[in-house]
Amino acid sequence: MSTVNLIVNGKPVSADIQPRTHLADFLRETQNLTGTHIGCEHGVCGACTLLVDGVPTRSCITFAVACQQAEVTTIEGLDDDEIARELRAAFSAEHGLQCGYCTPGMIVSARDVVLRLDAPSEHDIRVAMSGNLCRCTGYVGITRAIQRVIEARRARGIAAVPNGNRTSLGPSGSGHAVPVAATATARAAVPAATNKPAAAKEAAAAASAAPRKDANWKPQTNFTQSFTVSHPADVVWDFFGNIPEVASCLPGASLAGDPVDGHVEGQIKVKVGPISAEFQGVADVARDEATRTGTIDGAGKDKRSNSATRGLIGYAVKPGDNPDQTRVDVNIGFTLTGMLAQFSRSGLVEDVAGRLIGAFVQNLEAKLSHQASGGSGAAPVVTELDAGSLVFSVIISRFKMLWAKITGRA
Ligand code: FES
Ligand code: FES
């Protein structure tokens, strides 16, 4: 993790983030500034445009850590900006927006055009705005709106500001950026590891162990879920002390050997649509008898997708509403990096985890009932889950919720 310090809309903000976090995600997910829209995430559509030190910047291709100490202005920070206010009114008057998805980025770029170009032709405006794509309303209204504001500015005798106050050319970003220690370390490690296979192996092993030693690690995503099991709390608590049995309740999970002093190695297979991942990793399991709480602190890597995860699961076993029931509160914190990280952006992971927990509970119930009945052999359990089908069912259930909201039906 890296600490990033920025001035966002005039206020100092600081947060611990992954170095790979782009500015748009940082603003939307840690600052709740959702006016910055994300469209293509390739620097093409301009929906994510905002100002970094006064210069229009694609926040989807700008690392937040590369902007250390910079002044970042989002569309929310332009509420009282005179030019932005005029542009908003002109966009309305000239029908320069329809769905509005592109509009925050359009306003930020248009503001720069109004500020910078003295008497642009329609063609000049179109060229200047060519980095902002609108998917639904077309560009006639947008161009007219910008022309309208420039004409009003000229009518008031206000000249354009040459270069829009830019003092230097080059990639936009912070002029105050400082090297990020983690990035520098990673860069330094690459050539050595590339030239020496043995050293590379050692570096890989060290990298695999590194997250576990990082006492300052904080999960990027946190959520809590609870479930009820139809067995007494004593039984459930004892069962949770048997690590191999607990692992066998989690679809796709298997252990590489017996746990030693609460330390265990193993793997978990997940299928997300066309991507299959097999995370190999280690975990430390701790329990506190007095409070009936426990933690599972794990880290793993999937070589094929080059993704890594670190997670901390905390649980508390409590009596349920009646003596034959147990309530289990689970807090899950995790960080996912690499190709699969794209699935950790929204509440999708939370939904998928909820369904995985559902399968876990189903298996847990089956095993405890099997145990209580004194049955022989193995209890029937769900052994595999395809998160692709889960994702599909999540989308369907969300669509149903949205439809119910629109139609006012429960
Ligand atoms: S989302 Fe950044 S340019 Fe498209
Ligand atoms: S108004 Fe819909 S994308 Fe531009």
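What follows is calculated from the coordinates using simple rules that are stated; it is not laboratory data. These numbers were taken from a predicted model, which means no experiment stands behind them. No Cβ is skipped: glycine too gets one built from the backbone with ideal geometry, and neighbour counts run over all protein chains shown.
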So what's the gap between the Cα centers of the range 84-145 and the range 66-81, to the nearest angstrom?
19 Å
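By how many nm would the segment from V44 to Q325 lengthen if fully extended, with 0.36 nm per residue of separation less the alpha-carbon distance? Intermediate results must be reported in sequence, preceding the final value.
On the way: separation 281, 0.36 × 281 = 101.16 nm, distance 5.49 nm.
Value of the extension gain: 95.7 nm.
Using mean Cβ contacts within 10 Å as the protection proxy, how do 87-93, 43-49, 372-378 order, highest first?
Peptide ranking by packing, descending: 43-49, 87-93, 372-378.
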If amide H atoms are modeled at 1.01 Å from N in the peptide plane, then the residues at a separation of 5 or more from T62, or on another chain, having amide H under 5 Å from its own are L23, A24
Beyond 29 Å between alpha-carbons counts as too far, so tell me which of K11/K218; K218/K303; K218/K367; K218/K269 fall in that bin.
K218/K367
Starting from the amide H of V161, placed 1.01 Å from N in the peptide plane, find each other amide H under 5 Å away whose residue is 5 or more places distant or on another chain.
R116
Gained length - H263 relative to D16, 0.36 nm times residue gap less alpha-carbon distance
86.1 nm
Whole-Hz ³J(HN,Hα) from phi, Karplus 6.51 cos²θ - 1.76 cosθ + 1.60, for the range 325-337, glycine and proline x:
10, 10, 9, 10, 9, 10, 10, 10, x, 8, 10, 10, 10
Using a basic spin-label model with each label point 7 Å from the Cα along Cα→Cβ, how many nm lie between A372 and I7?
6.4 nm
Gain on full stretching of the segment that runs from H123 to S226 - 0.36 nm per residue minus C-alpha separation
31.2 nm
Distance in nm between label sites at R156 and D288, each 7 Å beyond Cα in the beta-carbon direction?
6.1 nm
